[in-house]
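What follows draws every value from the coordinates through simple rules; no lab data is involved. Values in this document were obtained by computation on a predicted structure and should not be read as measured data. Ideal geometry is used to build each Cβ from the backbone, glycine not excepted, and the neighbour counts take in all protein chains shown.
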Amino acid sequence: MNLATRKYNFIQEITAMDEVLLEKLEMVLKANKKDWYDDLSLEEKKEIEMGLKEADNDQLISHKEAMSQFSKWH
């Protein structure tokens, strides 16, 4: 069966779906959409990975300490 035939058959199935099944299909389709992470640059992804590794290694500072370090910009 070629792609065009498969699509046509799928459309026929969709037209016969009840509301509950259609909502489930919509959820599946939305879940398969591209993730925001995919749009990040390589540098941004590396920064996130570095932050996650630091967090895993308990290399964290408190919010209060971070705010005091950056208070000169506030």
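The table that follows gives values for the structure above.
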{"item": "Nearest-ten-degree value, helix 19-31 long axis tilted from longest Cα axis of the chain", "result": "40"}
{"item": "DSSP-assigned coil residues among chymotrypsin sites (Phe, Trp or Tyr not before Pro) in the range 22-74, each with at most 15 further Cβ atoms within 10 Å", "result": "Phe70"}
{"item": "Charge tally in the Cβ shell below 13 Å around Trp36, where Lys, Arg are +1 and Asp, Glu are -1, Trp36 excluded", "result": "-1"}
{"item": "Charge dipole (the chain, unit charges on Cβ, about Cα centre) - positive-most of Asn9, Ile48, Trp73", "result": "Asn9"}
{"item": "Additional length obtainable on full extension of the chain from Arg6 to Asp35, 0.36 nm per residue less Cα span", "result": "7.7 nm"}
{"item": "DSSP-assigned coil residues among trypsin sites (Lys or Arg not before Pro) in the range 8-51, each with at most 11 further Cβ atoms within 10 Å", "result": "Lys33, Lys34"}
{"item": "Option label - Rg and Dmax of the Cα atoms in Å computed here, alternatives [x] 11.3, 33; [y] 13.2, 38; [z] 23.4, 66", "result": "[z]"}
{"item": "Spatially close lysines, pair count over the range 3-73: Cα under 24 Å, gap of eight or more or interchain", "result": "14"}
{"item": "In degrees, nearest ten, helix 3-15 long axis to first principal axis of the chain (Cα)", "result": "90"}
{"item": "Charge context of Lys46, other residues only, Cβ under 13 angstrom, K/R +1, D/E -1", "result": "-3"}
{"item": "Using a Förster distance of 35 Å, the FRET efficiency for Glu44-Leu22 (Cβ separation, nearest 0.05)", "result": "0.45"}
{"item": "On Cα atoms only, tilt of 42-56 relative to the major axis of the chain in degrees", "result": "70"}
